[in-house]
Each structure stands twice: as C-alpha cells, then as structure tokens.
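Here it is: the structure, laid out below.
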Amino acid sequence: MLRKETNGEERRFDRDEEEDEEENDRGLDAWERTYADERSWESLQEDESGLLRPIDNKTLYHAQYRRRLRTATAARIQKGLIRYLYIVIDLSRAATETDYKPNRMVVVARQVEAFIREFFDQNPLSHIGLLTLKDGVCHCLTELGGSPESHIKALMGKLVCSGDASLQNGLDLVHSLLNQIPSYGHREVLILYSALSTCDPGDIMETIQKCKSSKIRCSVIGLSAELYICKYLCQETGGSYSVSLDEPHLKELVLEHAPPPPAIAEFAIANLIKMGFPQRAAEGVISICSCHKEAKVGGGYTCPRCKARVCELPTECCICGLTLVSSPHLARSYHHLFPITPFDDVAPSVSSDPHKVPKNCFGCQQSLLAPGNLPGHSVACPKCKQHFCLDCDIYIHESLHNCPGCESFRHSKSQ
C-alpha cells in the first residue's frame, strides 16, 4: 500500500510540474516566444572597432534565391509558355481571421496583386482569371485575360468575406472554364485556401478525377493548416501543396508559381500555333473596340485577319479568334527555354587574393569590397569569368536574362 501511494504521489508531482511548465509557456506572448525560439540576438556580430554590426539580411536573401535558382535550372525541362491560370481565392469566414495582420483577406489580396504583375512580366503570352469562394458557391470575378490592371481592379472591388468555402464547386467551375482551352495551352489552377473544411454538395473525389483527366494542374497554398483533401488534389493533378507560416513565407510560396512549370507529358508534343502581329492604330481615329463593344478614339491595335480593333496585347481576337501578340512578347518568353547558367560563388580563398579578384562589379561598377577593405560576397560567370555583386546577380537572372560580360565579349569578338 505504501509503495502504491508513493507511486501515485510521484505521478501527481510530475503532473504538477508539467502543468507548471505549460503555464509558464502560456505566460509568454507570441512575440516573446518567437524571439525565445529564434534567439536572434546570437546573430549579432561585432566589427573591428567593437561596434555591433547589423545582421546581413541581404546575404541570407541571396542564399535563398540561389537555392531556388539552382533547383529551377538543374535540368533542361520543357516548359509551357502559353499558360491559362485561374486563381481561386477563399473569401469565406475563415479569411477574416487575424493571425495575418490586419487579416487573411487583406494579406492574400496584397500577394495576389503582386503575383499578377510578376506573372505577366514572366509570362507575356499567358492569361489569368480570378474566382472567389464564399457562401458555398464559386463566383467568377474575371474571365481569362492578359490585362493585369483589369484583374487587380476587379479584385480590390470585391473583397467581402461571408459563409463557407466549397472546394468542389470551385473545381467544377474551373473544369468547365478550362475544358474549352485549346490543347497547346497549359491549364493551371492556384487555390489560396484559408478554411479548415470544405462544404461540398457531392463527391469531391469524382471532381478531382475529372480535373486529372482534363490535364488541369491544381496547386494549393493553405493559410491555416494542412488538409488531406488539398494534399490529395495536388498529388493527383501534379500540382504542389504548401502551407504558409507568415506573410513573407506566403509571398515566397505565391511567387514560386510565376515561372512556367514543367510541361505535362501529354502536352510536351511540339505544336504550330497560328498567331497574328497587329499594327498600332493611328492616333485620332475613331473605331469600335471589339472587346468593350464601344467607340474609342485613337490607340489600340488592328487584327491582321479581320481588321477588328482590340485595346491591348496579348489577347484573342473576339471576331476571328486569332491569337494576337507582339514580337517583344515572344522575345520575353524566350529566356524560359534557355535560361542563364547560375553564377558561381567566389571562394573565400580566391577572394582574399587582391590580384585575382577585381575590386568593382562588372555590371554596376560598385565596389566588391566590404567595410574595412575586406573581400565581400561576389559571384562569377562560369563562361566569361567576370565578377558581379549580389544585386546584379539577381537582376541578371530575373530581369535582364543576359550576362553583360558574355555579351560584351561576343560584341568585341564580332568586331
């Protein structure tokens, strides 16, 4: 009896200690627990004079960027340059949660706006459409189009949350809209899901199989927690599923969908696509716009087949159905097929030798030396061996898509 009582007292004391630890954890605020876990003060460093040196966030960001760049250019993979993407935004009651400041709806709208601009910058031949989930119904906010401003304007004017989200209704509407896309177009869906459940009228598994048979790539970014049905949807359709931790992480996850993904095997067959290159209409000429069905003065473009007027490019002629693009659009899409080779990091042993490493960046001519005339972080092109700073490395690979050192060497060789 005495041994049993002793064991019972020990278990009771252990339980009390665990409860005390839990109470101590609850006593910390969220921001205190964050700093307690990360221990960010250990990242501080001192310079040669004993003063605190700020944390080098630029180097950390550049390291993350180079990891993504190496993954994207690891192998030559055929990519789809003509994409038809629908963004499905969850505007149910779950979007009013305030774990993202000021709430999930505002944060998602902000990231979708940035994504739309980045998407059209990297995919000038592609189209985007917006759908919203609320009150158990999926609403079509904008049709597929190539105008970023019209999509953003429509989104910012309809930011109202209510009811529950229905994932099945969203997939059904997406399937009916994307099923009409020609075979050369790559069908994609990006779902920004805030809810922890889905209120569906039928069997969602059948809907997922319909999307799979129609070659619709579905990707989901969750804002709350991982859901099995979302993970199963992405696995079946070849998409990606991820859950964001905070707003910067959400931005990174959303922008990962801007570059064109690898082409599905059935779409990897080469196709010839008929396109038209319209001419700019003369200023001051009054004509009827085929896309807005109203008279407009000056500007616009004239379809080379049916002579109809359209407002912007790229688009599809509303009269004859011809795909209308401009030559710069094709040129901007070209870099996805032949990306620039990632630059090599300059080894510390090499950078410490002043005779081997130039003092200035070849691109911006800024100094590559850190404070105190110490060698700073730099990269080198594996072909022309020119050295660049971290900012120029990101600019060359994300915006310029040409190495200045290789281009200058090619130009001097031709002369």
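The values are calculated or read from the model by the stated rules, or taken from the named source; none is laboratory data. Please read these numbers as outputs of a predicted model, since none were measured by experiment. Here Cβ is always computed from backbone atoms with ideal geometry, including for glycine, and neighbour counts include all displayed protein chains. When the accessible area is computed, the model is the full protein with side chains, heavy atoms only, and any ligands, DNA or RNA have been set aside. Shrake-Rupley method; radii C 1.70, N 1.55, O 1.52, S 1.80 Å.
Assuming L245 fulfils every condition listed in (1) assigned to a loop (DSSP other than H, G, I, E, B); (2) of a type in the set (A, V, I, L, M); (3) open to solvent by less than 30 Å² (accessible area, probe 1.4 Å); (4) more than 16 Å from C138 (Cα to Cα) apart from one, which condition is it?
Among (1) assigned to a loop (DSSP other than H, G, I, E, B); (2) of a type in the set (A, V, I, L, M); (3) open to solvent by less than 30 Å² (accessible area, probe 1.4 Å); (4) more than 16 Å from C138 (Cα to Cα), L245 violates only (3).
Exactly one condition in (1) under 30 Å from L337 (Cα atoms); (2) more than 25 Å from the chain's Cα centre (by Cα) is false for D391; which is it?
If we test D391 against (1) under 30 Å from L337 (Cα atoms); (2) more than 25 Å from the chain's Cα centre (by Cα), just (2) comes out false.
Further, regarding this structure: Name the residue, out of I288, I319, I273, that is β-branched (V, I, T), outside any loop (DSSP other than H, G, I, E, B) and on the phi < 0 side of the Ramachandran plot.
I288
Among residues belonging to the stretch 102-159 that are under 28 Å from G300 (Cα atoms) and of a type in the set (V, I, T), point out the one that is farthest from the chain's Cα centre (by Cα).
Out of the qualifying residues, it is T142.
While we're here: Sort out which residues of the stretch 174-223 are assigned to a helix (DSSP H, G or I), open to solvent by less than 10 Å² (accessible area, probe 1.4 Å) and of a type outside the set (S, T, Y), and write them in order of number.
Listed by number, the residues that qualify are V174, L178, I208, C211.
Quick one: count up the residues across the stretch 380-403 that are outside any helix (DSSP H, G or I), without any contact (Cβ under 8 Å) to a residue 60 or more places away in the chain and buried (at least 17 other Cβ atoms within 10 Å of the Cβ).
6
Looking at D90, is it open to solvent by 10 Å² or more (accessible area, probe 1.4 Å) and in contact with a Lys or Arg (Cβ under 9 Å, 6 or more places away or on another chain)?
Against the criterion (open to solvent by 10 Å² or more (accessible area, probe 1.4 Å) and in contact with a Lys or Arg (Cβ under 9 Å, 6 or more places away or on another chain)), D90 does not qualify.
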